[in-house]
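What follows is calculated from the coordinates using simple rules that are stated; it is not laboratory data. Given the structure is predicted, the values throughout are model-derived calculations rather than measurements. All Cβ positions, glycine included, derive from the backbone under ideal geometry; neighbour counts span all protein chains shown.
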Number of protein chains: 2
Amino acid sequence: MKFFDFFKSKKPGSASVAKERLQIIVAHERRPASTPDFLPQLQSDILEVVRKYIQISEEQVKLSVDKQGDFEVLELNISLADPGK
Amino acid sequence: MKFFDFFKSKKPGSASVAKERLQIIVAHERRPASTPDFLPQLQSDILEVVRKYIQISEEQVKLSVDKQGDFEVLELNISLADPGK
């Protein structure tokens, strides 16, 4: 499955650090003159719902937005830190 | 970028049907005895926030959950239908 390749391509290093992570990818395939671009708001809403389940600070979240052709892709990478910190 | 390959691998067919789609992928890399599995609830919360921006019915949403090793992957595929329907 291609999607797993994507994850696996990330170096398995820092393997000794047993950190959890959560990755959320939102891809919107838009047509011209279609629905408005709601990804920026959706992004903060998703972060808000994630916070219902796990405590995350701003520093734990890495955001990226990419546009390619009809696709707009939002990627949220959240490393779940030691709750003791 | 590998992620885009994932999308492109889907047949570009039904090209004549200019449908929009939204794909949300949540991947949780868990360690044993780590945070509880909140993906099922997160999934319905995410659908709820998406509904703030676009009208979607149950039939427009395709869900799949996959587990592989430490990864639990939730995939939401939403085809955005003609609002006139």
(message) Kirkwood hydrodynamic radius, the range A:17-80, all distinct C-alpha pairs: what's the number in Å?
(response) 12.9
(message) To the nearest 20 Debye, how big is the dipole of the range B:17-80 about its Cα centre, given +1 on the beta carbon of each Lys and Arg and -1 on that of each Asp and Glu?
(response) 140
(request) Can you pull the one-decimal nm distance between simple spin-label points at A:LYS19 and B:LYS52, each 7 Å off the Cα toward Cβ? (result) 2.8
(request) Under 12 Å from the Cβ of B:ARG51, count the other residues' Cβ atoms, weight Lys and Arg +1, Asp and Glu -1, and hand me the total. (result) -3
(message) Distance in whole Å from the A-onto-B rotation axis to the closest C-beta of chain A, together with the residue it belongs to, please.
(response) A:ILE25, 2
(request) Once the label point is placed 7 Å from Cα along Cβ, list for B:SER79 the distances to the corresponding points in the other copies, in nm, shortest first. (result) 4.0
(request) Please report B:SER44, B:SER79 as a ranked list, fewest other C-beta atoms within 10 angstrom at the top and most at the bottom. (result) B:SER44, B:SER79
(request) Would you mind listing the distances between the B:LEU63 label point and the same position in each other copy? Use 7 Å along Cα-to-C-beta, nm, one decimal, shortest first. (result) 2.7
(message) Under the convention of a label 7 Å out along Cα→Cβ, give the distances in nm from A:GLN41 to the same position in every other copy, shortest first.
(response) 2.6
